[in-house]
1. Provide the net charge surrounding residue 18, with neighbours chosen by a C-beta distance below 14 Å and charges set as Lys +1, Arg +1, Asp -1, Glu -1.
2. Whole-Hz ³J(HN,Hα) for each residue in segment 60-67, computed from phi via Karplus 6.51 cos²θ - 1.76 cosθ + 1.60 with θ = phi - 60°, x for glycine and proline: what do you get?
3. Which cross-chain or sequence-distant (5 or more) residues have an amide H under 5 Å from the amide H of residue 143, H modelled 1.01 Å from N in plane?
4. Taking amide H atoms as placed 1.01 Å from N in the peptide plane, list the residues 5 or more away in sequence, or in a different chain, whose amide H sits under 5 Å from that of residue 43.
5. Rg and Dmax of segment 1-46 over Cα atoms: what are they, in angstrom?
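Quick note: the coordinates plus some simple rules give every number you see, no bench work behind them. Fair warning: this is a prediction, and the values are worked out from it, not measured in the lab. Positions of Cβ are generated from backbone atoms using ideal geometry, with glycine treated the same way; all protein chains shown enter the neighbour counts.
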Amino acid sequence: MSKNILVPIDISEIELTQQVIPHVEAYARQDDATIHFLAVIPDYTYFASYGLGYASISPDTIAREAAAKETLRDIVAKFSLPEDRIEMHVLSGTPKDHILQLADDINADVIILASHRPSMSTYLLGSNAAAVVRHAKCSVLVVR
């Protein structure tokens, strides 16, 4: 029984979102669950890691979060879900950390996330998906 479903969305990878839509809709129909959509955007340290030149052009946090919320809203509209059972979250930082923390905070029953096709460097799962699978306290459905 799934009362809280967490769906991390990479707002820069729309094709990955297309893969999870049928799975999220199926889980949501089974139990009248609340679906929590999460977008994690890079914070200042991401831009700074590329050097001071990139850090100086990083958009301010409020503008980035507002743009991410709008994009997430557009993406969520593609799902056939009742609006009263949808919650959206936009956070800045490291995706795997925020996914795991929000899953704990909302007492998620399942996390449904998409993963890239593996490359030699990630072999089986993307690094974020692998970390979530390894450390989540609930079930995780990885969709490819």
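1. Details: positive: 78, 144; negative: 10, 13, 15, 25, 74.
That sum, taken over residues with Cβ under 14 Å, equals -3.
2. Karplus values, whole Hz, x for Gly and Pro: 5, 4, 4, 5, 5, 5, 5, 5.
3. The answer is 113, 114, 115.
4. When sequence neighbours closer than 5 places are left aside, the close amide H contacts are 93.
5. 12.7, 40
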